[in-house]
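Taking it in order: structure first as structure tokens, then the write-up.
The values are calculated or read from the model by the stated rules, or taken from the named source; none is laboratory data. If you're wondering where the values come from, they're calculated on a predicted model, not measured in any experiment. Cβ placement follows ideal geometry from the backbone for every residue including glycine, while neighbour counts extend to all protein chains displayed. Only protein heavy atoms, including side chains, enter the accessible area calculation; ligands, DNA and RNA are left aside. Shrake-Rupley method; radii C 1.70, N 1.55, O 1.52, S 1.80 Å.
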Amino acid sequence: TGVQTCALPILIVEFVRDHRPVQRISRTDAVDAAAAVEGGAGAAVVERALGNGGTVIVPAFSIGRTQELLYEFEDILYRQQQRPGPHAASWAKLRFYLDSPLAGRFTQLYRELQPYWDDEALARVRAGRKPLAFDQLVAIDEHADHEANVRRLARSGEPAVVIAASGMCAGGRV
């Protein structure tokens with residue numbers, strides 16, 4: 001069938017119906033992706049992957065959920081700079097790959113709508129932060145770039161967070 005399998009240290013999967021999580025599964029951790037990041041558990045999951053030299057793969061809807069995740073991951077990075085934790089050096093080098101052309105385009109649209117962001121988000125921007133365009137964020141649009149990145153991550157063992165379009169775990173980019 002052409003489907004490749006690989007051993008994942010952590011796979012975060014969420015099933016959502018009418019914007020409500022209805023089932024959560026993973027190989028090793030059952031975590032609702034956005035809730036984990038927003039609730040602080042996302043940092044622990046990522047730090048576990050950092051310690052294991054693994055990759056965290058987060059399927060997320062292209063509109064809304066992806067931008068929430070980026071916003072929260074940027075906040076974790078910011079907090080690690082302000083009050084370094086035991087993994088601060090690893091967080092500083094960690095790359096976040098947005099591996100979904102549609103999510104990338106919608107994230108750009110969200111950036112363009114910055115004047116309509118809420119007060120908290122605008123305060124971050126005024127403080128010089130880039131909630132949806134932080135330095136460690138890498139957008140992957142082309143399929144060839146996706147394939148090259150998958151090979152590179154597999155070869156290097158480089159810890160990373162990959163955010164890909166929801167539903168793309170079977171026959172898609174992830």
Selection count, segment 75-120, where residues are under 30 Å from Arg151 (Cα atoms) and not in a helix (DSSP H, G or I): 9
Residue in segment 75-116 that is least open to solvent (accessible area, probe 1.4 Å), counting only those that are of a type in the set (Lys, Arg) and within 16 Å of the chain's Cα centre (by Cα): Arg95
From Gly167, Gly171, Gly128, residue being at pLDDT 90 or above and part of a loop (DSSP other than H, G, I, E, B): Gly128
Hey, Gly64 in contact with a His (Cβ under 8 Å, 6 or more places away or on another chain) and surrounded by fewer than 18 Cβ atoms within 10 Å (Cβ to Cβ) or not: no
Looking only at segment 124-163, and only at residues there that are of a type in the set (Gly, Ala, Ser) and more than 18 Å from the chain's Cα centre (by Cα), the one that is surrounded by the fewest Cβ atoms within 10 Å (Cβ to Cβ): Gly128
